[in-house]
Amino acid sequence: MSYRMTAAILAATLLASLLAGCRPGPALPHADPSPVRGGTLVVAVPADPAGLDPHKAVAAATFQITRNLYETLVQVDPNGELESALALEWEVSPDGLAYTFYLRPGARFHDGRAADAAAVKASFERLLDPATGHPRRKDYAVIGELVIAGEHTLVIRLAEYSAAFLSNLAMGWAAVVPVDAADLFNQPVGSGPFRFVEWRPQQHVKLARFEEYGVDELPYLDEVVFQIIPDGAVQLRHLQAGQVDVITVLPPETADQVRSTPGLKVLSAPMNAVQLLAINNARPPFDDLRVRRALSHLVDRQAVVDGAVWGYGTVIGSHMPPVSPYYEDLTGAYEHDPARARQLLGEAGYPDGFEVTIHLPDAYELHRRAGEIIADQLRAGGIRARLEVVEWGRWLKEIYEQRQYHLTVIGHTGRLDPDPFLNRYVSKSRENYMNYDNPVYDQLIAEAAACTDLARRHQLYSLLQKTLTGDAVAVWLQAPHHVMGAAETVRGWRFFPIDVYDLSTVHKTR
Amino acid sequence: MTGRLARRAAGLAGTLLVVGTIVFLVFQVLPGDPAQIVLGTEATAEALAQLRAELGLDRPVAARYLHWLGGVARGDLGRSLSYRRPVVDLVRERLPVTIPLALLAMAVTTAGSILLGVTAAVRRGQGVDLAVLTLTQLGLAVPAFWLGMILIIVFSLLWPVLPAGGFPGWEAGAGRALSHLVLPAIALAAARVAVMSRLVRGSLLDVLTRDYVRTAWAKGLPERRVVYGHALRNAFIPPLTMLGLQLGALLAGSVVVEQVFSLPGVGRLLLHAISSRDLPLVQGTVLLVAVAIVTVNSAVDLLYIKLDPRIGPRP
């Protein structure tokens, strides 16, 4: 859906006669017709941000907070459409290589300096400077030239066409920062609706209303406190005791309890993420397609959703969540069919199954629970799975980087564009920890990324998903849902297809 | 006295060197990379290399170790890799939580174990004695995190008199800050009380059979004076040794308890530091804990002399 906007722009580009510009200002859906102003909102989050410099982070814990401190040029709305942020309007040249952004006049950083074209240019130069160490710099490497075309007008020229460029600008790590700020990591300065007050590690991050934000008289709240509480059960106690207003980790098994508690409610929405049983395709016996397909037939994904997250998830059939506009429904590809699985295993030379270890990352209860259920399901095919819970740092090193595993359960967060999401299956990709090697896939994804024809692009991404499913590269389990708890008094909370919390529209009734 | 202190200081320095080296070596064999943990599954090879260089992880192990050692000698514990702030600042911010928590837990331990231990010893073999023995057995068996959860459910939810966790800071007022430490201190002290009260009981029973105690009884002194005035002072020497050693267990326990009550203390900092492979922060925290334990044990040694002058150096 985020692509509707990109789609509109590209369609216009291709018609070569229209300019897809002059987007309307932010249309903010208010859950309440007369929102109350003022007050403090306390939001429980499980971990510290990985710093508050958006150009040096990839962690959701950072962007959940920085979305409120900084602005991107454009931003994504709950439906995945791009809307104005620091840029009120934008235009794309007919060849799709020049983007002109008209910035909000009067936009200021929290330290009073103007967030104008010169500041935005400097910010992108910082992002692109290798010395900054921006982890996703390559996503912006297409930027050829940054031209100041007026105090509030910036033109970004691309070196080559990129379908994903505009949506990449909506990612939190493309936020505009004042480049001469001393220490954005610990003392962030942005132009967003809230200004930074303090960060006490493992305690809280405090933000206060930025009086000069100048967008629709937002935000409503005077103060936001992100309280760091690692454990979901402990977060729940705090919510019940009235010490916090929103908890972002609600153990799904307690959702019914929260819903039936007067004064509390459950907030939930499908996530732009996938959970999968990852398979090391290079290791026997999983180098045999029949064995991988047998796994797909053995896993009852609905049972995983019901057992691991109490139904707060949607079954998937490939590496794409249903919230993506590129989603292809492949859930019917491998029915839960242990008899068929045993037949396939027999053909592959494992009539009595085999023994295998499933590695589960200790930091994620969701994956641990899914792994336990899957281990039980695999038994129907004679596969005796041993579970090994590994500490997160070790998982990243040994499983993800060194690929020393057979099976593991993990999740991946989606992007606005499907390319960075599906790119990890490219045979030479460093992120290809499943050791998938299919030259056809490599060729198709390269074609898709460079494709300017939207219909063709859709077709290609659909084909890529089908290829993955056909090769049973992994057993894709579910797109989990956000499950949060909140006080009844909290209004206007919105979920986005990227993992951010936008508190500018949130308010409390009392 | 000066010689004693010098010996202590040398011992402390040696202990710290050993502790620091062990931690450093453990981290060399522990799988995991701080840069990778920061970047997670989004890392490109280039970004990883860049971050490693920025954090100084691209230098050889020996060079990093010597650099760290040199820093410590100058009183500089280095910078945290995950918070990118001086380690000293991060640890110092935690002391106003962990020190009061440890002191409070010590106080609960001392008061609780004297009360239970003396009561059980004086009423030896009676119902009260049996009840104390059962209770302490239970206290030993119950893990701190579970007790913490139960305390929260009872005293924060069912009968809301104390906060469920978190810490408002001392600037919110001593009363409010203390109220956040009461339940954690109890959870932390429970197992210690169990150990210590058994020790007090045993030690007191032993002392109560001594001649000088019999003399005190014979003089017709009231029970309170005999037990608390005469017997307990001597009976308290073995438990005191134990109390000093308990500090280590207390600090270890605070890692768990601070997690349950989401208290921003040294224990939770250490846990974060380990899981993010933040070696300078782990080193700094562990050194501090080692200093605390060695210092307290030295203080306990000095207390012996106060309790029993015969232990002290000959004039």
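Here A:His336 fulfils each of the conditions (1) in contact with a helix residue (DSSP H, G or I) (Cβ under 9 Å, 6 or more places away or on another chain); (2) open to solvent by less than 40 Å² (accessible area, probe 1.4 Å) apart from (2). Only one entry in A:Val291, A:Val323, A:Val315 is among the hydrophobic types (A, V, I, L, M, F, W, C) and over 28 Å from A:Gln459 (Cα atoms), namely A:Val291. When segment B:257-310 is filtered for residues that are under 20 Å from A:Ala44 (Cβ atoms) and aliphatic (A, V, I, L, M), the ones remaining, listed by number, are B:Val257, B:Val260, B:Leu263, B:Leu269, B:Leu271.
Of all residues in segment A:144-178, those satisfying the criterion of being surrounded by fewer than 22 Cβ atoms within 10 Å (Cβ to Cβ), over 26 Å from the mean Cα position of the chain (by Cα) and among the aliphatic types (A, V, I, L, M) are A:Leu146, A:Val147, A:Ile148, A:Ala149, A:Val155, A:Ala159.
Scanning for something open to solvent by 50 Å² or more (accessible area, probe 1.4 Å), more than 14 Å from chain B (Cβ to nearest Cβ) and not charged (D, E, K, R), does segment A:120-139 turn up at least one residue? No: segment A:120-139 contains no residue that is open to solvent by 50 Å² or more (accessible area, probe 1.4 Å), more than 14 Å from chain B (Cβ to nearest Cβ) and not charged (D, E, K, R). Test each condition in (1) within 14 Å of another protein chain (Cβ to nearest Cβ); (2) crowded, with 23+ Cβ neighbours inside 10 Å; (3) modelled with pLDDT of 95 or more; (4) touching a His at 6+ places or on another chain (Cβ under 9 Å) for A:Lys56 and report the one that comes out false. Single failed check for A:Lys56: (3). If you go through segment A:259-268 one residue at a time, do you hit one that is closer than 24 Å to B:Ile153 by Cα, assigned to a loop (DSSP other than H, G, I, E, B) and touching an Asp or Glu at 6+ places or on another chain (Cβ under 7 Å)? Yes, segment A:259-268 has at least one match.
Looking for something loosely packed, with under 15 Cβ neighbours inside 10 Å, over 16 Å from A:Ala174 (Cβ atoms) and within 14 Å of another protein chain (Cβ to nearest Cβ) - is there at least one such residue anywhere in segment A:94-115? No, segment A:94-115 contains no residue that is loosely packed, with under 15 Cβ neighbours inside 10 Å, over 16 Å from A:Ala174 (Cβ atoms) and within 14 Å of another protein chain (Cβ to nearest Cβ). Between residues in segment B:230-244 that are free of Cβ contacts under 8 Å to residues at least 24 places away in the same chain and residues that are open to solvent by less than 50 Å² (accessible area, probe 1.4 Å) and in a helix (DSSP H, G or I), which pairs lie under 9 Å by C-beta distance while being six or more apart or on different chains? Here the result reads B:His230/B:Val207; B:His230/B:Val213; B:His230/B:Ala216, each pair linking segment B:230-244 to a residue that is open to solvent by less than 50 Å² (accessible area, probe 1.4 Å) and in a helix (DSSP H, G or I). Annotation: B:Met106 fulfils all but one of (1) part of a helix (DSSP H, G or I); (2) under 25 Å from A:Asp48 (Cβ atoms); (3) open to solvent by 20 Å² or more (accessible area, probe 1.4 Å); (4) in contact (Cβ under 8 Å) with a residue 40 or more places away in the chain; the unmet one is (2).
Pairs are defined by a Cβ separation below 8 Å, a sequence spacing of at least 6 or placement on different chains, a first member in segment A:129-155 that is among the polar types (S, T, N, Q), and a second member that is open to solvent by less than 60 Å² (accessible area, probe 1.4 Å); the pairs so defined are A:Thr132/A:His55; A:Thr132/A:Lys56; A:Thr132/A:Arg126; A:Thr153/A:Thr100; A:Thr153/A:Phe101; A:Thr153/A:Leu103; A:Thr153/A:Ala117. Residues in segment B:56-81 that are touching a residue at least 60 places away in the same chain (Cβ under 8 Å) and in a loop (DSSP other than H, G, I, E, B) were compared, and the one that is surrounded by the most Cβ atoms within 10 Å (Cβ to Cβ) is B:Ser80. Residues that are open to solvent by less than 30 Å² (accessible area, probe 1.4 Å) and in contact with a Lys or Arg (Cβ under 9 Å, 6 or more places away or on another chain) within segment A:197-212 comprise A:Trp199, A:Pro201, A:Gln202, A:Leu207, A:Ala208, A:Phe210, listed in sequence order. For A:Leu221, indicate whether it is over 19 Å from A:Ala60 (Cα atoms), crowded, with 23+ Cβ neighbours inside 10 Å, of a type in the set (A, V, I, L, M) and in the same structural domain as A:Val43 (by TED's automatic domain parsing). So A:Leu221 fails the test. Put simply, of B:Arg84, B:Arg52 the only residue that is at the interface with chain A (Cβ under 10 Å from one of its Cβ atoms), part of a helix (DSSP H, G or I), open to solvent by 30 Å² or more (accessible area, probe 1.4 Å) and of a type in the set (D, E, K, R) is B:Arg52. Of A:Gln227, A:Gln235, all but one fail to be closer than 16 Å to A:Ala47 by Cβ, within 12 Å of chain B (Cβ to nearest Cβ) and open to solvent by less than 10 Å² (accessible area, probe 1.4 Å); the exception is A:Gln235. Among the residues here, B:Gly220 qualifies as open to solvent by 30 Å² or more (accessible area, probe 1.4 Å), at positive phi and either in a helix (DSSP H, G or I) or out of contact with any helix residue (DSSP H, G or I) (no Cβ under 6 Å at 6 or more places or on another chain) (or both). Within the option set B:Gly166, B:Gly112, B:Gly127, B:Gly148, being in contact with a strand residue (DSSP E or B) (Cβ under 9 Å, 6 or more places away or on another chain) and either surrounded by 16 or more Cβ atoms within 10 Å (Cβ to Cβ) or without any contact (Cβ under 8 Å) to a residue 40 or more places away in the chain (or both) holds for one residue only, B:Gly166. Residues that are within 24 Å of A:Met271 (Cβ to Cβ), more than 14 Å from chain B (Cβ to nearest Cβ) and either of a type outside the set (A, V, I, L, M, F, W, C) or surrounded by fewer than 24 Cβ atoms within 10 Å (Cβ to Cβ) (or both): does segment A:179-192 have at least one? Within segment A:179-192, one or more residues are within 24 Å of A:Met271 (Cβ to Cβ), more than 14 Å from chain B (Cβ to nearest Cβ) and either of a type outside the set (A, V, I, L, M, F, W, C) or surrounded by fewer than 24 Cβ atoms within 10 Å (Cβ to Cβ) (or both).
For B:Leu25, the test of being surrounded by 17 or more Cβ atoms within 10 Å (Cβ to Cβ), at negative phi, modelled with pLDDT of 85 or more and outside the structural domain of B:Val255 (by TED's automatic domain parsing) is failed.
Taking the stated definitions as given, is B:Gly112 away from every other protein chain (no Cβ under 13 Å) and assigned to a helix (DSSP H, G or I)? Against the criterion (away from every other protein chain (no Cβ under 13 Å) and assigned to a helix (DSSP H, G or I)), B:Gly112 qualifies.
Determine which member of the set A:Val315, A:Val299, A:Val291 is among the β-branched types (Val, Ile, Thr) and without any contact (Cβ under 8 Å) to a residue 60 or more places away in the chain.
On the way: A:Val315 fails: without any contact (Cβ under 8 Å) to a residue 60 or more places away in the chain; A:Val299 fails: without any contact (Cβ under 8 Å) to a residue 60 or more places away in the chain.
Residue meeting the stated conditions: A:Val291.
Entry remark, segment A:383-406: residues being in a loop (DSSP other than H, G, I, E, B), touching a His at 6+ places or on another chain (Cβ under 9 Å) and more than 14 Å from chain B (Cβ to nearest Cβ) number 1 in total.
Checking the structure you have, find out if any residue of segment B:235-250 is within 13 Å of another protein chain (Cβ to nearest Cβ), touching a Phe, Trp or Tyr at 6+ places or on another chain (Cβ under 7 Å) and in a helix (DSSP H, G or I). Explain how you work it out, then say what you get.
First, the residues of segment B:235-250 that are within 13 Å of another protein chain (Cβ to nearest Cβ): none.
Checked segment B:235-250: no residue is within 13 Å of another protein chain (Cβ to nearest Cβ), touching a Phe, Trp or Tyr at 6+ places or on another chain (Cβ under 7 Å) and in a helix (DSSP H, G or I).
Tallying residues that are buried (at least 24 other Cβ atoms within 10 Å of the Cβ), touching a Leu at 6+ places or on another chain (Cβ under 8 Å) and at the interface with chain A (Cβ under 7 Å from one of its Cβ atoms) within segment B:251-271 yields 1.
The values are calculated or read from the model by the stated rules, or taken from the named source; none is laboratory data. These numbers come from a predicted model, not from an experiment. Every residue, glycine as well, gets a Cβ built from its backbone with ideal geometry; the counts of neighbours run over all protein chains shown. Keep in mind that these areas ignore ligands, DNA and RNA; they rest on the heavy atoms of the full protein, side chains included. Shrake-Rupley method; radii C 1.70, N 1.55, O 1.52, S 1.80 Å.
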